[in-house]
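Below is one structure; the comments refer to it alone.
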Amino acid sequence: MARRVKKKPAKKKTAKKKAVKRAAGKKPVRKKTTRKMPKKPVKKKTRPTARKKPSKRVTRQSKSSRKTAKKAPSLTPEQLTAKVQNRVESFIKKLYKNNYERNEDGRFLIFEGSTVVQTVVRPWHAGDVVVETFAYVVQDARLDENLMKFLLRENALLHFGAFGITFDGTIIYSNSLAGANLDENEFKASLKSVARIADHYDNQIVKDYGGMTAREAMRMGLF
């Protein structure tokens, strides 16, 4: 008799294998990756360094040096006037050599064309003097309204100085500068401007309004 072969029972699939098969059928899921931004370097706060206070020895020395430092002696008004007069004369010598006069009162006379220019150093205040340069333009002119308007209009156009009238009716042209720190260039510009402007206008004023020039009045001994 043939033996009956017993069929072996099929092995049950484990849950693990089933899970693997399921996973194989599905598409792989990509994991989201987040980029990490580099951290900014944090600056360390530094405390401000305190300044060192000067030692007591230094302060004592500075105080002692202040005491020993002497101020330059200030000049009296007379000394300052004499000093500025000598400086003015040195400037005039460079311009006119010996073609000028110096009076005993410190007044300087310069002759240019038909006019006479004078420079006087006058007191101002304790620390300074005024260097005034002026010229007698016309004497005994007819001082009417037209002449006054003409002089005022010219004053508005000219750069240095201005026309004026003295107490006796003489027309002058003048310009003033501070004298304690008088500069050679500014004095030269002032002197030359007064001389040339006075020499330019005197004949024109005499022609239109009468009178005489400074040279003519000087010859007659009027001043």
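With respect to ILE205, is the statement that it is farther than 13 Å from GLU132 by Cα, in contact with a strand residue (DSSP E or B) (Cβ under 6 Å, 6 or more places away or on another chain) and modelled with pLDDT of 95 or more true?
On the way: farther than 13 Å from GLU132 by Cα: yes; in contact with a strand residue (DSSP E or B) (Cβ under 6 Å, 6 or more places away or on another chain): yes; modelled with pLDDT of 95 or more: yes.
Yes: the conditions hold for ILE205.
Please verify whether the stretch 176-194 includes one or more residues that are within 30 Å of GLN79 (Cα to Cα) and β-branched (Val, Ile, Thr).
Among the residues of the stretch 176-194, at least one is within 30 Å of GLN79 (Cα to Cα) and β-branched (Val, Ile, Thr), which makes the answer yes.
Filter the stretch 164-211 for residues that are open to solvent by 40 Å² or more (accessible area, probe 1.4 Å) and closer than 26 Å to ALA126 by Cβ and give the result.
Across the stretch 164-211, the qualifying residues are SER176, ALA178, ASN181, ASP183, GLU184, GLU186.
Does the stretch 140-191 hold any residues that are among the acidic types (Asp, Glu) and closer than 19 Å to ASP128 by Cα, and which are they?
ASP183, GLU184, GLU186
Take the residues of the stretch 98-142 that are surrounded by fewer than 20 Cβ atoms within 10 Å (Cβ to Cβ) and either of a type in the set (Val, Ile, Thr) or in contact with a His (Cβ under 7 Å, 6 or more places away or on another chain) (or both): which is farthest from ALA198 (Cα to Cα)?
So, considering only residues that are surrounded by fewer than 20 Cβ atoms within 10 Å (Cβ to Cβ) and either of a type in the set (Val, Ile, Thr) or in contact with a His (Cβ under 7 Å, 6 or more places away or on another chain) (or both), the one farthest from ALA198 (Cα to Cα) is VAL130.
The values are calculated or read from the model by the stated rules, or taken from the named source; none is laboratory data. Source: prediction; values computed, not measured. Cβ: placed from backbone, ideal geometry, glycine included. Neighbour counts: every protein chain shown. Surface areas here come from the heavy atoms of the whole protein model, side chains and all, with no ligands, DNA or RNA. Shrake-Rupley method; radii C 1.70, N 1.55, O 1.52, S 1.80 Å.
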